[in-house]
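Data block below; observations after.
The values are calculated or read from the model by the stated rules, or taken from the named source; none is laboratory data. Note that the structure is predicted; figures quoted are calculated from it, not measured. Glycine also receives a Cβ, built like all others from the backbone with ideal geometry; neighbour counts cover every protein chain displayed.
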């Protein structure tokens, strides 16, 4: 396995820059649409469908209806118009782009328009298989697409299943238990401190400062909150005391590479809070207009630790079947051993540096602009799927 460095492998460098018809498949964060519609509808990205905007502007979103509290994170995984527009602009540098919202009409749109390739960033909304729904449709229609297959996406969204796979392959991950009802709680045997999380969420949904627990009473309260608020099992995980990192990976098989490692600096958080990248840290305390100085990239690592982190990350990436790209989170245990705490085969890619989005941050540290990141990962997927179809030279954004 190759580690960080020259991730533009020879087959990628030699890829003919032919144009293809790319469907950009996305979920649009409702609160972002509503706020923009109310503020200035003329600023909307042309590629976004007016039916979507009309429907969303007519409904009050969960984000604006609730105070900053549990349950206010309903759409946390979805993208804003700014992110979707930035991806669209990057793809249009070389390709024709079809904008497809990942809603109940997506199947028919894809069936009728038959793009050459799909750049899928949709997260879905309902069900434990939500991230796998669009890829499954694309496989049914035999449309090649960016990223991991439905099995990997569904597995990685289930933190318990992910940790079982890692444990089987002897890849370090914190000790854990899964609680599906309060009746099971008395049988749980874990070490304190622990952290309690929803089993099937990402983007720090359901992870709050109070999620770190040090007594059975605190644990019971947090487990009950997860069961009631999210309607899904709770993961109880040993809370590791060491440094925390997140690592962006690009590529496939033995050519997969780590980008520069990002370290999370918890000294930047408000005094007295727990050292975790909670929902409060990600979405409340860290604001684009006043970003937290919470990340170091590249992380300050000695050679031995860097090699250990990257080796652990790449093993996890491969055994879980990740393709094209992913972001993997780790934390050091008391002995300084990197442990996998999260595998995200559908990484967030907010475009602005002040957004503190870790995959683009790592790409910038590797010398890549945002557009280069998008086009590079697309090229990686085109090489894997062997897609190359000529289209007209003038880029066009088509709403379908």
Quiz item: Considering only residues of the range 244-276 that are modelled with pLDDT of 95 or more and assigned to a loop (DSSP other than H, G, I, E, B), which is surrounded by the most Cβ atoms within 10 Å (Cβ to Cβ)?
Solution: 259
Self-check item: Criterion (crowded, with 17+ Cβ neighbours inside 10 Å, over 25 Å from residue 318 (Cα atoms) and touching a strand residue (DSSP E or B) at 6+ places or on another chain (Cβ under 9 Å)) met by exactly one of 184, 224, 218
Solution: 218
Quiz item: Is it true that residue 322 is crowded, with 18+ Cβ neighbours inside 10 Å and in contact with a strand residue (DSSP E or B) (Cβ under 6 Å, 6 or more places away or on another chain)?
Solution: no
Quiz prompt | Residues within the range 277-290 that are over 30 Å from residue 214 (Cα atoms) and either at pLDDT 85 or above or part of a loop (DSSP other than H, G, I, E, B) (or both), tallied | solution = 2
Quiz prompt | the range 326-358: number of residues that are within 18 Å of residue 29 (Cβ to Cβ) and either assigned to a loop (DSSP other than H, G, I, E, B) or modelled with pLDDT of 95 or more (or both) | solution = 10
Self-check item: Pairs where the first residue, in the range 339-363, is in contact (Cβ under 8 Å) with a residue 40 or more places away in the chain and on the phi < 0 side of the Ramachandran plot and the second is surrounded by fewer than 20 Cβ atoms within 10 Å (Cβ to Cβ) and assigned to a helix (DSSP H, G or I), C-beta under 7 Å, 6+ apart
Solution: 351/82
Quiz item: Can you name the number of the only condition in (1) modelled with pLDDT of 95 or more; (2) in a helix (DSSP H, G or I) that residue 323 fails?
Solution: (2)
Practice problem: Give the residue that is surrounded by the most Cβ atoms within 10 Å (Cβ to Cβ), with candidates limited to residues of the range 306-319 that are under 14 Å from residue 243 (Cα atoms) and touching a strand residue (DSSP E or B) at 6+ places or on another chain (Cβ under 8 Å). | Solution: 309
